[in-house]
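Below is one structure, written out as structure tokens; the observations come after it.
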Amino acid sequence: MLGILRSAAGTWVAKALLLLLVLSFAAWGITTRMVGGVLGGHHAVITAGGTEVSINEYRLAYDRQLSMLSQQYGQRVTQEQAKLLGVDNQVLAQLVSGAV
């Protein structure tokens, strides 16, 4: 069985498939770097007064707010509870007022 896999890996078809896989990941990485990438935090959630608030800044502020609420209530606040409390809008308002 292992011998079959080794001999198949040496064929030009296997090498072409491996090359295609490597090139696709390389293209994906390059375009993510050029565009900035969502995970890189370069995309603005909102722009206020010429200042952009990145996704990372919003996420950190949102997580901080959830942590503070969890401490106040003495139990973990879920995403659903946070949505009902309007935490997302509160965090955006705080970030906008800080940016202006």
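The values are calculated or read from the model by the stated rules, or taken from the named source; none is laboratory data. Since the structure is predicted, the reported quantities are computational estimates derived from the model, not experimental observations. Positions of Cβ are generated from backbone atoms using ideal geometry, with glycine treated the same way; all protein chains shown enter the neighbour counts.
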## Note on the structure
Across segment 20-47, the tally of residues that are at pLDDT 75 or above and surrounded by 11 or more Cβ atoms within 10 Å (Cβ to Cβ) stands at 5
### Query
What single numbered condition from (1) surrounded by 11 or more Cβ atoms within 10 Å (Cβ to Cβ); (2) modelled with pLDDT of 75 or more; (3) out of contact with any helix residue (DSSP H, G or I) (no Cβ under 8 Å at 6 or more places or on another chain) fails to hold for Ala61?
(3)
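Looking for whichever is aliphatic (A, V, I, L, M) and in a strand (DSSP E or B) here; the options are Val91, Val96, Val77, Val45. Which one fits?
Val45
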#### Entry: Test set (1) in a loop (DSSP other than H, G, I, E, B); (2) closer than 30 Å to Trp28 by Cα - Asn56 fails condition number
(1)
### Task
Scan segment 47-58 and report the pairs whose first residue is assigned by TED's automatic domain parsing to the domain that holds Ala93 and whose second residue is of a type in the set (Ser, Thr, Tyr) and in a helix (DSSP H, G or I), with Cβ atoms within less than 9 Å and a gap of 6+ or a chain change.
Ala48/Ser97
### Query
Of all the residues that make up segment 61-100, how many are over 27 Å from Gly49 (Cα atoms) and of a type outside the set (A, V, I, L, M, F, W, C)?
12
#### Entry: Filtered residue count, segment 83-100, keeping only those that are within 20 Å of the chain's Cα centre (by Cα) and of a type in the set (A, V, I, L, M, F, W, C)
4
### Task
Could you list, in sequence order, all residues of segment 69-89 that are surrounded by 12 or more Cβ atoms within 10 Å (Cβ to Cβ) and out of contact with any Lys or Arg (no Cβ under 7 Å at 6 or more places or on another chain)?
Leu69, Val77, Gln81, Ala82, Leu85, Val87, Asp88
